[in-house]
Amino acid sequence: MPELTYSQLSKGVHDMAMASARNAETINKNAEWMSDEARDTGHIADQIGSVRVDQATIAETQQASRIMQGLAHAVLAYAVGADTLAKTAMAAHQVNKDDHGGINEAVNRSSVGREIYEVDNGWFAQE
């Protein structure tokens, strides 16, 4: 029996593509959440400034908002990479189907049994 069958390859590539897509979606959601939190922190800084809280506290809150926004931008950039990875994995899955699916279909329809794997590989190399 071969070490890797078409079914195993197909399942592995498909599973990787699905996991990549799920992970990319999770990263995107986290990036959106971080951006919202940074925006809210900026609003809080504005609000506490209007009630005459000391300048140090206002400055710290504004700085926290800027840091959070920077993190959100970094996570968004990471999310773009995750999206690209997910699309690449889906493309690999499609290529796998296109390149090997027909062969697998022909093998499944073949009247030759699974004992073909027990044939000496040297036989196929003969001219």
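The values are calculated or read from the model by the stated rules, or taken from the named source; none is laboratory data. Keep in mind that this is a model prediction, so the values were computed, not measured. Neighbour counts run over all protein chains shown; Cβ positions are idealised from the backbone, glycine included. To get the accessible areas, we keep the full protein, side chains included, count just its heavy atoms, and leave off ligands, DNA and RNA. Shrake-Rupley method; radii C 1.70, N 1.55, O 1.52, S 1.80 Å.
Return a whole-number percent for the relative contact order of the chain, with Cα pairs under 8 Å and 6 or more residues apart as the contact set.
Here the relative contact order equals 39 percent.
By how many degrees, 0 to 90 and rounded to 10, does the Cα axis of helix 6-50 deviate from the longest principal axis of the chain?
The two axes meet at around 0 degrees.
Among Asp99, Asp54, Asp40, which one shows the biggest mean-square fluctuation in a GNM of the chain, springs joining Cα atoms closer than 10 Å?
Asp54
In terms of Cα to Cα distance under 24 Å, which lysines are near enough to Lys97, apart from those fewer than 8 places away along the same chain?
Candidates past the 8-residue exclusion: Lys11, Lys87.
When a/c is below 1.5 the answer is rounded, else prolate if a/b is larger than b/c, else oblate, so apply that to the chain with a ≥ b ≥ c taken from the square roots of the Cα gyration tensor eigenvalues.
prolate
What net charge do the residues around Ala21 carry, taking every other residue with its C-beta under 12 Å from that of Ala21, with Lys and Arg at +1 and Asp and Glu at -1?
Numbers: positive: Arg22, Lys87; negative: Asp15, Glu25, Asp83.
Local charge sum for Ala21: -1.
According to the square roots a ≥ b ≥ c of the eigenvalues of the Cα gyration tensor, what is the shape class of segment 32-85, taking rounded for a/c under 1.5, prolate for a/b larger than b/c otherwise, and oblate for the remainder?
prolate
Which of Gly49, Gly101, Gly12 moves most in a GNM of the chain, Cα contacts under 10 Å?
Gly49
Run the helix sum for the chain: -39,500 (n - 2.57) per DSSP H stretch of 4+ residues, divided by residue count, reported at 222 nm to the nearest 500 deg cm²/dmol.
-30500 deg cm²/dmol
How far is helix 55-109 tilted off the main Cα axis of the chain, in degrees rounded to 10, range 0 to 90?
On a 0 to 90 degree scale, this one is about 10.
Simple spin-label model, 7 Å along Cα-to-Cβ: Leu85 to Asn30 in nm?
Computed distance between label sites Leu85 and Asn30 equals 1.1 nm.
Before I look further, what does the chain give for accessible area per residue, probe 1.4 Å, in whole square angstrom?
Dividing the accessible area of the chain by its residue count gives 73 Å².
Most mobile of Asn108, Asn30, Asn96 per a Gaussian network model of the chain (Cα springs, under 10 Å)?
Highest fluctuation among the options: Asn108.
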